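The values are calculated or read from the model by the stated rules, or taken from the named source; none is laboratory data. Just so it is clear, the structure is predicted and the values come from calculations on it, not from any experiment. Please note: Cβ atoms are built from the backbone with ideal geometry, for glycine as well, and neighbour counts cover all protein chains shown.
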Amino acid sequence: MNPVVWTFPTRILFGEGAIQRIGLEAHRLGGSRALVVTDPGVVAVRLVDTVMAALEEAGVVTSLFTEVKENPREASVHAGVAALRAKHADLVVAVGGGSVLDVAKLIRMRALPDVHERPLLDYDEAIGGERHISPRMPAMIAVPTTAGTGSEVSRSAVVTLEANRRKTVISSPYLQPSVAILDPKMTIGLPPRLTATTGFDALSHCIEAYLALGDHPLCDAIALGGLRLLAESLQRAYHAPADLQARGAMLKAAMMGAVALQKGLGAGQALAHPLANDRGIQQGLAKALCLPAVVSFNAVAVPERIQAVAGALGVEDLGEGLRKLRRELDLPHGLREVGVAEGDLADLATRAAEDASIRTNPRPCGREELLDMYLSSLLIWHHPVSPEVLGAL
Ligand SMILES: NC(=O)c1ccc[n+]([C@@H]2O[C@H](COP(=O)([O-])OP(=O)(O)OC[C@H]3O[C@@H](n4cnc5c(N)ncnc54)[C@H](O)[C@@H]3O)[C@@H](O)[C@H]2O)c1
């Protein structure tokens, strides 16, 4: 029997004002010229200024790269590599949400000339691309400004590639940032809607990781711990954006969700990817809309685990608890409300079925089951799908 492998290597600095230590961390990593990767939204709220100032105060030369969009595309990676080489940067500092962190990871991967020069498609996790990824890359510091993806500790980068036009996961332990700095002050300006949607991303990571196939007692315990933190902090952070204690708890939970997802995810992730990729729906929102259907599909396979998740969240019925939370966070109730029509579902289900995440879903599922889950997520419960529509699907 092959042994399973359990690793948690990222160095994490947590606390109010932790960002002021970034210069010291840069020195510790031997970096003297930093490429700071971010996006226009993060620049607009002036979070990057704080980071640049702290680095410069410590004598680290900085240059700024801001060409990252939500649901990022491959072109940002190539432009970032060109910027890094032009400035002779020896350290990548990412300041932003998952989109920024993921692009920064791939800029880092391709930073050195003649290293990792294959087309990005060759590194796709789904075709075993990890075997091409070596540790030859500069150090990276990740500073999350959303509390959702946990990309600051994850080994994955998710970018839409030109060759296949879908969100592609590139994954290796070497892509884990060298240091993650979790400073609650970096998230207090996050607007309520993004607090809610990114929070649902963290929630779905914890839930799906806990339900996923596999033997990983560490990830299971971390996932449940993350859920308890989310239960006490998500609504508080939504209603009181400057509550640093709630913001801190959210950052911890998001980080824990990403540690836990090393075990695997499930159908929720697969359903969300094409919605984000093809329809531009914020990924956390896509998960918020699909998660109740996923939970009810999985209930027959792992009833005790579903109960344990409900217990950690302090709700009786998990599906109903998630729908209630969605309402309390003023999120839409169904895919229909975000512009997805019945006629779109067949195509979306085909794309979802190609996603590697379904391999660890606790109940086997393929295109037909995913289509059913989309259908249930489309519905607002008092708005049933007509028999003609069901027939057409
Ligand atoms: N690598 C991983 O492990 C992993 C896991 C899950 C999701 N992802 C990916 O992460 C991406 C989503 O990341 P996200 O949900 O963090 O959102 P995001 O990075 O796409 O950011 C969303 C918006 O929020 C703005 N923003 C970020 N921080 C802000 C702040 N503090 N104040 C005001 N505005 C702010 C950004 O400018 C952007 O416009 C997706 O592409 C998804 O596929 C990666």
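Would you point out which residue out of Asp372, Asp347 is closer than 22 Å to Val159 by Cα, in the same structural domain as Gly226 (by TED's automatic domain parsing), part of a helix (DSSP H, G or I) and more than 16 Å from the ligand (Cβ to nearest atom)? Steps first, answer last, please.
On the way: Asp372 fails: closer than 22 Å to Val159 by Cα.
Unique residue meeting the criteria: Asp347.
Going by the structure shown, is Ala258 in contact with a His (Cβ under 8 Å, 6 or more places away or on another chain), of a type outside the set (Ser, Thr, Tyr), more than 16 Å from Leu375 (Cβ to Cβ) and within 13 Å of the ligand (Cβ to nearest atom)? Spell out the reasoning first.
Values: in contact with a His (Cβ under 8 Å, 6 or more places away or on another chain): yes; of a type outside the set (Ser, Thr, Tyr): yes; more than 16 Å from Leu375 (Cβ to Cβ): yes; within 13 Å of the ligand (Cβ to nearest atom): yes.
In short, yes.
Can you tell me which residue among Val93, Val100 is hydrophobic (A, V, I, L, M, F, W, C), near the ligand (Cβ under 10 Å from one of its atoms) and in contact with a Ser or Thr (Cβ under 9 Å, 6 or more places away or on another chain)?
After ruling out the rest, the residue left standing is Val100.
May I ask you to verify whether Leu265 is within 13 Å of the ligand (Cβ to nearest atom), assigned to a loop (DSSP other than H, G, I, E, B) and hydrophobic (A, V, I, L, M, F, W, C)?
Here the answer is yes, as Leu265 does meet what is asked.
Given the conditions (1) at pLDDT 95 or above; (2) under 28 Å from Asn71 (Cβ atoms); (3) part of a helix (DSSP H, G or I), report the number of the one that Ala276 does not fulfil.
For Ala276, the exception is condition (1).
Taking the condition of being buried (at least 19 other Cβ atoms within 10 Å of the Cβ) and touching a residue at least 40 places away in the same chain (Cβ under 8 Å), how many residues in region 232-256 meet it?
So the count comes out to 12.
Filter region 281-306 down to the residues that are touching a residue at least 60 places away in the same chain (Cβ under 8 Å) and within 11 Å of the ligand (Cβ to nearest atom) and list them by number.
Across region 281-306, the qualifying residues are Gln282, Gln283, Gly284, Leu285, Lys287.
So, in region 153-167, how many residues would count as being more than 9 Å from the ligand (Cβ to nearest atom) and crowded, with 24+ Cβ neighbours inside 10 Å?
Count: 0.
Select from region 123-152 the residues that are of a type in the set (S, T, N, Q) and within 14 Å of the ligand (Cβ to nearest atom) and list them in ascending order.
Thr145, Thr146, Thr149, Ser151 - these are the residues of region 123-152 that are of a type in the set (S, T, N, Q) and within 14 Å of the ligand (Cβ to nearest atom).
Mind listing whichever residues of region 79-102 are touching a residue at least 24 places away in the same chain (Cβ under 8 Å) and out of contact with any strand residue (DSSP E or B) (no Cβ under 8 Å at 6 or more places or on another chain)?
Val81, Arg85, Ser99 - these are the residues of region 79-102 that are touching a residue at least 24 places away in the same chain (Cβ under 8 Å) and out of contact with any strand residue (DSSP E or B) (no Cβ under 8 Å at 6 or more places or on another chain).
Tell me the residue from Ile222, Ile207, Ile181, Ile170 that is near the ligand (Cβ under 10 Å from one of its atoms) and either touching a residue at least 12 places away in the same chain (Cβ under 8 Å) or within 22 Å of Thr10 (Cα to Cα) (or both), please.
Result of the check over Ile222, Ile207, Ile181, Ile170: Ile170.
Going by the conditions given, is Leu47 near the ligand (Cβ under 10 Å from one of its atoms) and surrounded by 18 or more Cβ atoms within 10 Å (Cβ to Cβ)?
Yes; evaluated as a whole, the condition is true for this residue.
Got a sec? Which of Glu67, Glu74, Glu56 is charged (D, E, K, R), free of Cβ contacts under 8 Å to residues at least 60 places away in the same chain and within 16 Å of the ligand (Cβ to nearest atom)?
Among Glu67, Glu74, Glu56, only Glu67 is charged (D, E, K, R), free of Cβ contacts under 8 Å to residues at least 60 places away in the same chain and within 16 Å of the ligand (Cβ to nearest atom).
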